[in-house]
1. Which ³J(HN,Hα) values, rounded to whole Hz and listed in residue order, are derived for segment 467-480 from phi using the Karplus coefficients 6.51, -1.76 and 1.60 in 6.51 cos²θ - 1.76 cosθ + 1.60 with θ = phi - 60°, glycine and proline given as x?
2. Between Asp129 and Lys421, 0.36 nm times their residue separation minus their Cα-Cα distance comes to what?
3. On the accessible surface of segment 410-457, probed at 1.4 Å, how many percent belong to carbon and sulfur atoms?
4. If I take the Cα coordinates of segment 329-419 and project them onto the principal axes, what are the three extents in Å, biggest first?
5. When the convex hull of the Cα atoms of segment 454-556 is projected onto a plane and the area is averaged over all directions, what value comes out in nm²?
6. State the percent of C-alpha pairs, over all pairs in segment 242-285, separated by a distance greater than 12 angstrom.
7. Got a number for carbon plus sulfur as a percent of segment 343-392's accessible area, 1.4 Å probe?
8. For segment 548-555, in order, what is each residue's ³J(HN,Hα) by Karplus, 6.51 cos²θ - 1.76 cosθ + 1.60 with θ = phi - 60°, in whole Hz (x at glycine and Pro)?
Amino acid sequence: MLQSFTVSIAAVFIKFWGKMARSRSSISKWRFLNPAYYLKRPKRLASLLILFVCATLVVWDRQTLVHEHEEEVSKLNNEVTRLHNMLEELKTGHSGVGTENVIEQSNEKMKVDVSEDPIDIERRGKVKDAMIHAWSSYEKYAWGHDELQPQTKNGVDSFGGLGATLVDALDTLYIMGLDEQFQKAREWVAESLDFNKNYEASVFETTIRVVGGLLSAYDLSGDKLFLEKAKDIADRLLPAWDTPSGIPFNIINLANGNPHNPGWTGGDSILADSGTEQLEFIALSQRTGDPKYQQKVENVITELNKTFPDDGLLPIYINPHKGSRSYSTITFGAMGDSFYEYLLKVWIQGNKTSPVKHYREMWETSMIGLESLVRKTTPSSFTYLCEKIGTSLIDKMDELACFAPGMIALGSSGYAPDEAKKFLSLAEELAWTCYNFYQSTPTKLAGENYFFNSGQDMSVGTSWNILRPETVESLFYLWRLTGNKTYQEWGWNIFQAFEKNSRTDSGYVGLKDVNTGVKDNMMQSFFLAETLKYLYLLFSPSSVISLDEWVFNTEAHPIRIVTRHDHTEGKLGVSNGDHLETRSRARREGRFHGN
Ligand code: DMJ
């Protein structure tokens, strides 16, 4: 604008000057240099002044433009430098975009794939938002309690007041890079986590959530506080294994150490409750150098292996005095499930070496049994796992058994190629069924269990949904092991159904009925420990908690795989070096910055 103004002033001046020049042509051509020429005639002086002002304006205007352009160019250069730096940081594992933690692989920082799918980045961002919402609701209404009741906005101590949600969520917070929240939770563990409770605790639940959660937080952060706390609670659980057979009692008083079994089992121990402490207690021995934890839990497997059946399937009740099996259901669902899971995972935790060979053998035997439970629905040919009592098969499958596709996929690579392929495809078929447990209901959330009647495919039995993780857990393993993006799509659909039906202003709730969508009043701690973690990892690069370096306990707490030695003559062959190795490697972990 300024430029056009100066141009018009100059044009007026030139016109005026032209007139003057024509009328005074006789005057000497040097007369313009004589000051008197101007001083005698005010009009000439005015013209000179106008000419001077116009010239100044033109020069000033140009200078300003040049300066403005220089500023623009400099800004663009800065932007180019910033983007270049971001690219470099992404290549070396520090994107500076978000705040998640990248997990190192050996000595090298994890390489974030710069060509990562932007949809994955966006989706894991949404899962992280869900975690922030779940956590801040817990923080606001139930801090320090075991679980949040979102509808009534209060906490409940369903596990004896051990801060179950807080401890269960530690590693999820860490992996998602929610550092402030992690630190605040750490302070609570340091100041307020007290296990000296006159409470009849479930040995299984306390182990998988509390011991597992603390060990995982230790392995990820290297903070010794978590290991000390894990040792404290494990020491309180240990008397549960003091039975004639070594099969543990499933309940123990945390203050006085008196163990017993629940009345409703008729005095028996539960298979899953007795065979799902191996990963945590072996890890604890490795990290403390004290063999007693590992010895107790490995005795259980040795005892069960003495009479292990040809099909590797054990009923859910076992007598802790005799070590014998009681007549009861055989299932990969409730009360059986994680016994089979841990046979495979202890073998992985033990680096698949000879001291843990019998775990793999027992697991493979159980897979023979599992195959004998496989049936297909009509008319759509969904593959499912039956339950069994005596010799009778029951056409029923728990959603809990939907961990099995992930387990089978994880174990498949230990077979020879043909078997591996067969088991991987069985895993994929079962995952499709589990996904359809979700898709077949009006809310697109799965019920607790399903029946399979001829001609009707699947129908919901118990119709609640309590935010369970098993299906997304299997989708996570299948995505990692096959690279098939379909599993991400299924997981995303399930996540959206949780967002639609289970999200409230004060946290996430389960549904009393997946047909009507009526809500319950509980945010289960495993929603933060497992469901959201597996969903987040489903949209993360596979080097974040690499399956080559970590093994997940049954509550989705990643435990670092360390060198294993056997224990002989009552001594645990886990060297102090292993213990140190675990700690120092954990400290070396890089911080993950990505969405
Ligand atoms: C979790 O506590 C664990 O995954 C356990 O093995 C089975 N049940 C719940 C989640 O459904």
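1. 6, 5, x, 4, 5, 5, 4, 5, 5, 4, 5, 5, 5, 4
2. 101.4 nm
3. Roughly 54 percent, rounded to a whole number.
4. 43, 28, 22
5. For segment 454-556, the mean projected area of the Cα convex hull comes to 8.1 nm².
6. 66 percent
7. Exposed carbon and sulfur together represent 54 percent of the surface.
8. With coefficients 6.51, -1.76 and 1.60, one gets 7, 10, 10, 10, 7, 6, 6, 9 Hz.
The values are calculated or read from the model by the stated rules, or taken from the named source; none is laboratory data. Note that the structure is a prediction, hence the values are computed from the model and not measured. Backbone-built Cβ (ideal geometry, glycine too); neighbour counts: all protein chains shown. SASA here: full protein model, heavy atoms, side chains in, ligands and nucleic acids out. Shrake-Rupley method; radii C 1.70, N 1.55, O 1.52, S 1.80 Å.
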